[in-house]
Protein chains: 2
Amino acid sequence: MITGKNYIGDERIAKGNKTYKTFNPKENKETPYSFYEATEDEINQAVELASEAFQTYKNVSGAKKADFLNAIAEEIEALGDLLIETYVAESGLPEGRAKGERGRTMGQLRAFASLLQEGSWVEATIDTAQPKREPLPKPDIRKMLFPIGPVVVFGASNFPLAFSTAGGDTASALAAGCPVIVKSHPMHAGTGELVAEAIIKAAKKTGMPNGVFSNLNSSGIEVGQQLVKHPTVKAVGFTGSIKGGTALSKLAQERKEPIPVYAEMGSINPVVILPSALKEHSSHWAQQYAASITLGAGQFCTNPGLLLAVKSDALNGFITQLGKEISQIAPTAMLHPNICDTYQKNMELASAQDKTKLVGAYEGQASPNFGKQKVLTVNGQEFLKNTLLHQEVFGPYSLVVQCENDEELKHILEALEGQLTGTVLGNKDELKNKSALIDALKERVGRLILNSVPTGVEVCPSMHHGGPFPATTDAKYTSVGVAAIKRWVRPVAYQNWPVELLPQALQNTNPLKVMRLVNGEYSNKPI
Amino acid sequence: MITGKNYIGDERIAKGNKTYKTFNPKENKETPYSFYEATEDEINQAVELASEAFQTYKNVSGAKKADFLNAIAEEIEALGDLLIETYVAESGLPEGRAKGERGRTMGQLRAFASLLQEGSWVEATIDTAQPKREPLPKPDIRKMLFPIGPVVVFGASNFPLAFSTAGGDTASALAAGCPVIVKSHPMHAGTGELVAEAIIKAAKKTGMPNGVFSNLNSSGIEVGQQLVKHPTVKAVGFTGSIKGGTALSKLAQERKEPIPVYAEMGSINPVVILPSALKEHSSHWAQQYAASITLGAGQFCTNPGLLLAVKSDALNGFITQLGKEISQIAPTAMLHPNICDTYQKNMELASAQDKTKLVGAYEGQASPNFGKQKVLTVNGQEFLKNTLLHQEVFGPYSLVVQCENDEELKHILEALEGQLTGTVLGNKDELKNKSALIDALKERVGRLILNSVPTGVEVCPSMHHGGPFPATTDAKYTSVGVAAIKRWVRPVAYQNWPVELLPQALQNTNPLKVMRLVNGEYSNKPI
């Protein structure tokens, strides 16, 4: 049920009088729902409740937290058509995408549940005592990872489910043992409230402490700012713009106790097209990339916004065909009029840059809020000079850079800011010959992809969805896949502690049968 | 040989004309050596050389990097008496400590060498392809940790060897595959130059690229600032004051590309004394703590600066005896007149605080630069009110807080800033009964110690020498033990990459026999 209220723990509360509505971009009209902006009191209440809940929740076993996460997945499924309809209305995205994203969100929750059931993620490390060591006895030291406290999660505009209320940030923080306060994304607050309801139901069913989850509505920046400044909040997860992420990060650094903001921000996901790909598979890649650039109206963080290749006749052919493909794809609705307006503005700004030329665009009429795709081209020298062209244009846009030679291409890769992904199209022999290019690309990205498109992010332990700044604020961490849990924990070492009073993962008998590093050797056996 | 010059890679260079001298605090006179402050050009040259070296060094095998680290240990040993004499002259610390710290430094280098030889530290994670998965095929994804680039290390005043030129920060960064530029500590620049010479010799002997290590002299803050701001520097290691660490961290955040500063800063290392310890072992702990408070003139980051207990007759007895023990210990030289002056000032400021009372102090005459120890006491209520008393007094000082009851003690623990360590003195049964106190302590610290003193930090995989802010800037990381390597790396995932072009740790045959997470299972077998 969508009431427009905030969830402060298991209570729906709306003390404020400022309201806002969500918008159906496809139908170009407001949705019927009104949402109550969280008040300062409500924010404090949510954080204090989270802090209390943490005292219990941090000691809940992995098995029980797994039950909670699995129950969230079930409750999300139980929301049925209402969730899908609300998602579609508030995002303009098609039903198939809504269902796919729901499946992914449930899959993520279940992946974290499995991680907890297996248990080795705590990185238990044990060095046993050597009382007779000379010149000094060696103490018994045992460390593992522990949750850090209440976490604030900012939902993303472009993934109303998988990167929002019960998305990867929330799932990973809850898995770690941290209560979560979600700052709901204003563009899909109804979807958010439904998912929040599912989480609250699951928390009750599985006996989690009240306050383990809260959901606060907000259409501006104040609620988020207050949350990040609250002394009891210990970390922040954010997916969004470079401007938003760096502002929150700065705010968090200015606190008396600075806290980490794990922000996934902009990326143009460079694609290096090697000669063999242009010669042998030009048509295939032109089709694939026209589809990838326009997928979901280009509203993916892994959208290929930069295609790089050395000038050749084959490149000319590729550009011609890419232009043709691009012009023929029917535009789709963007997430919100504001996003469509910003896209239009940034795309026009890029088009107005010196020496850029049109590769292809959708030239027909389109409904309001539909993103009309455009691909430009420019030469390498100009691209190097004009860093505006290095910036992300969020939407169905890309830029083909025509380089003089490999050296110029390498300079361009070195001049790029940090990126989530880098893709290479080419055959194996070329990879060997172009190792300097590939190495330069690797230094700028978190994931190197061969002969594919960057859109589509597999959820698995080996995934790294992160990259050097400004792709993320901390290149060490991923926001996709189970390794995302490592953002919300810190190690604590116990020295000479009675073994029976240690957490199970550190006890001699290893009752959870987790993999541990014991006196320098990996083992899941008892000591 | 001490020349006073900077090491820019393997060249000794001194282009500047600003010089400074080191000081022998025990003899209260300057040492014979003059050091040339690094110029702006020299700084840039060192960073650029490091950046070039990185192109080669990042691909050097673990086995070869291990040879390099082991060779550094050998070359440090080969410096013989000159190193020990210089250390003693520049620090005022006794010969035994110098030799012990040399042993520890060599041990750290060798521990990282072993870590590299074993190889599993790269956290290789592999998910193999499922080409027939529905609705979409699953790609092959493989990730591991890679070095991030040139690292700047700031030597610590209080550990001229183990936390300086070839200390844990340098050893861990070199082990990770990152070139290191050391900003030499001005108080022991001669010791630093000797160790730098050892590193350079080892680099040449084992064929490491020139620029893998540089050592820059500096008596002020400008050299360090310029290093942290240099766009090619990718991370910073620092051990020192809260003021210094937070200033560098702020500078690093203001860069176009912010970089992490791993700073280990202040800590007062609270010790909770439970009734059984006071009743049964009062005299033992009074002796142990008098020794720990004054060890190395109190100049350890794990110095016990805060003893907490509930009021009782037994506590009174403990305080009386601690005072007696403290007054009888002969003071020793502090590291530098500046450090001794600051100690004196901060100790007097604490003594002047309302309601503090003297427990014990060395009241006799002492040589110049010798730190005269002092222990104060105050009641819990006053301590809670006056946060000046929560601040570290770097030197042989401690404060006994007399609490009304467990509740007040718990409030005090909750009010403390983050700490490196927390210690509990008491018997097992008490630990069970006092779980709320211990839990509150755990939330503020990186290491929990039972029935010991916090001074003495074991170098082993399970050690965590880090803690919530301001103990460190990032509570996730340790600066002691092999886990310190994790600060200088980031994951990169390869998607659909030809297996033979992957790093060895990710290849199917697992030629390095490292422990990997393959399709969700830990294994050191081939795929």
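The values are calculated or read from the model by the stated rules, or taken from the named source; none is laboratory data. Keep in mind that this is a model prediction, so the values were computed, not measured. FYI the Cβ positions are ideal-geometry reconstructions off the backbone, even for glycines, and counts take in every protein chain you see.
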Where a residue in the stretch B:245-267 is under 22 Å from A:E443 (Cα atoms) and at the interface with another protein chain (Cβ under 9 Å from one of its Cβ atoms) and its partner, wherever it lies, is in a loop (DSSP other than H, G, I, E, B) and basic (K, R), with Cβ under 7 Å and at least six apart: B:I259/B:K234
Checklist (1) over 33 Å from the mean Cα position of the chain (by Cα); (2) closer than 26 Å to B:K64 by Cα applied to B:I141, failing item: (2)
Checklist (1) closer than 30 Å to A:A475 by Cα; (2) touching a Lys or Arg at 6+ places or on another chain (Cβ under 6 Å) applied to A:K428, failing item: (2)
Any hit, the stretch B:424-435, residues being over 28 Å from B:Q373 (Cβ atoms), in contact with a Cys (Cβ under 6 Å, 6 or more places away or on another chain) and either in a strand (DSSP E or B) or within 10 Å of another protein chain (Cβ to nearest Cβ) (or both): no
The stretch A:436-452, residues that are of a type in the set (G, A, S) and facing another protein chain (nearest Cβ under 8 Å): A:G446, A:S452
Among residues of the stretch A:163-176, those that are in a loop (DSSP other than H, G, I, E, B) and in contact (Cβ under 8 Å) with a residue 40 or more places away in the chain, counted: 4
Test: residue in the stretch B:389-397 that is at pLDDT 95 or above, buried (at least 23 other Cβ atoms within 10 Å of the Cβ), under 25 Å from the mean Cα position of the chain (by Cα) and under 21 Å from A:L145 (Cα atoms): no
Wholly within the stretch B:443-527, strands (runs of 3 or more DSSP E) carrying at least 3 residues that are under 30 Å from B:V272 (Cα atoms): B:445-450
Residue satisfying condition, being touching a Ser or Thr at 6+ places or on another chain (Cβ under 8 Å) and at pLDDT 95 or above, within set A:I2, A:I43, A:I13: A:I2
Condition broken by B:G364, with the remaining ones in (1) closer than 18 Å to B:T320 by Cα; (2) exposed (fewer than 13 other Cβ atoms within 10 Å of the Cβ) satisfied: (1)
Close pairs from the stretch B:211-238: first assigned to a helix (DSSP H, G or I), partner of a type in the set (G, A, S), Cβ under 6 Å, at least 6 apart: B:V223/B:A38; B:V228/B:A252
Search result, residues across the stretch A:321-347 that are surrounded by fewer than 17 Cβ atoms within 10 Å (Cβ to Cβ) and either among the charged types (D, E, K, R) or in a helix (DSSP H, G or I) (or both): A:K324, A:Q328, A:P337, A:N338, A:D341, A:T342, A:Q344, A:K345
Residue check, A:T56 among the hydroxyl-bearing types (S, T, Y) and free of Cβ contacts under 8 Å to residues at least 40 places away in the same chain: no
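Matching residues to (1) in contact (Cβ under 8 Å) with a residue 24 or more places away in the chain; (2) under 28 Å from B:E85 (Cβ atoms):
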residue	(1), (2)
B:E11	no, yes
B:A14	no, yes
B:T22	yes, yes
B:N28	yes, yes
B:Y33	yes, yes
B:I43	yes, no
B:L49	yes, no
Filter pass, B:L136 being at the interface with chain A (Cβ under 8 Å from one of its Cβ atoms) and either of a type outside the set (D, E, K, R) or closer than 25 Å to B:N59 by Cβ (or both): yes
Boolean, B:F394 is away from chain A (no Cβ under 14 Å) and closer than 24 Å to B:V457 by Cβ: yes
Given (1) more than 24 Å from A:V212 (Cβ to Cβ); (2) within 18 Å of the chain's Cα centre (by Cα); (3) surrounded by fewer than 21 Cβ atoms within 10 Å (Cβ to Cβ), number of the condition A:G107 does not satisfy: (1)
Filter result for A:I412 (part of a helix (DSSP H, G or I), away from chain B (no Cβ under 11 Å) and among the β-branched types (V, I, T)): yes
Out of A:A98, A:A173, sole residue that is under 29 Å from A:T302 (Cα atoms), more than 12 Å from chain B (Cβ to nearest Cβ) and crowded, with 24+ Cβ neighbours inside 10 Å: A:A173
Meets criteria (within 14 Å of chain A (Cβ to nearest Cβ) and touching a residue at least 12 places away in the same chain (Cβ under 8 Å)) for B:G380: no
Strands (runs of 3 or more DSSP E) fully within the stretch B:74-162 counting 3 or more residues that are out of contact with any Leu (no Cβ under 6 Å at 6 or more places or on another chain): B:141-147, B:151-154
Filtered residues of the stretch B:443-452 (kept if without any contact (Cβ under 8 Å) to a residue 40 or more places away in the chain and touching a Leu at 6+ places or on another chain (Cβ under 6 Å)): B:G446
Yes/no for B:K143 being in contact (Cβ under 8 Å) with a residue 60 or more places away in the chain and surrounded by fewer than 24 Cβ atoms within 10 Å (Cβ to Cβ): no
Count - residues of the stretch A:510-523 that are closer than 14 Å to B:V514 by Cα and more than 9 Å from every other protein chain (Cβ to nearest Cβ): 2
Conditions (1) over 22 Å from A:L517 (Cβ atoms); (2) within 14 Å of chain B (Cβ to nearest Cβ): number failed by A:S157: (2)
For A:G207: the one exception among (1) of a type in the set (G, A, S); (2) closer than 26 Å to A:E30 by Cα; (3) surrounded by fewer than 24 Cβ atoms within 10 Å (Cβ to Cβ): (2)
Residue under evaluation B:F318, criteria (1) among the aromatic types (F, W, Y); (2) in a loop (DSSP other than H, G, I, E, B); (3) touching a helix residue (DSSP H, G or I) at 6+ places or on another chain (Cβ under 8 Å), criterion not met: (2)
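Residues checked against (1) in contact (Cβ under 8 Å) with a residue 12 or more places away in the chain; (2) facing another protein chain (nearest Cβ under 7 Å); (3) surrounded by fewer than 23 Cβ atoms within 10 Å (Cβ to Cβ); (4) among the aromatic types (F, W, Y):
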{"position": "A:T472", "(1), (2), (3), (4)": "yes, no, no, no"}
{"position": "A:V480", "(1), (2), (3), (4)": "yes, no, no, no"}
{"position": "A:W488", "(1), (2), (3), (4)": "yes, no, no, yes"}
{"position": "A:V492", "(1), (2), (3), (4)": "yes, yes, yes, no"}
{"position": "A:N496", "(1), (2), (3), (4)": "yes, yes, yes, no"}
{"position": "A:L501", "(1), (2), (3), (4)": "no, yes, yes, no"}
{"position": "A:N508", "(1), (2), (3), (4)": "yes, no, yes, no"}
{"position": "A:K525", "(1), (2), (3), (4)": "yes, no, yes, no"}
Counted residues, the stretch B:453-469 - those being within 8 Å of chain A (Cβ to nearest Cβ) and either touching a Gly at 6+ places or on another chain (Cβ under 9 Å) or free of Cβ contacts under 8 Å to residues at least 60 places away in the same chain (or both): 9
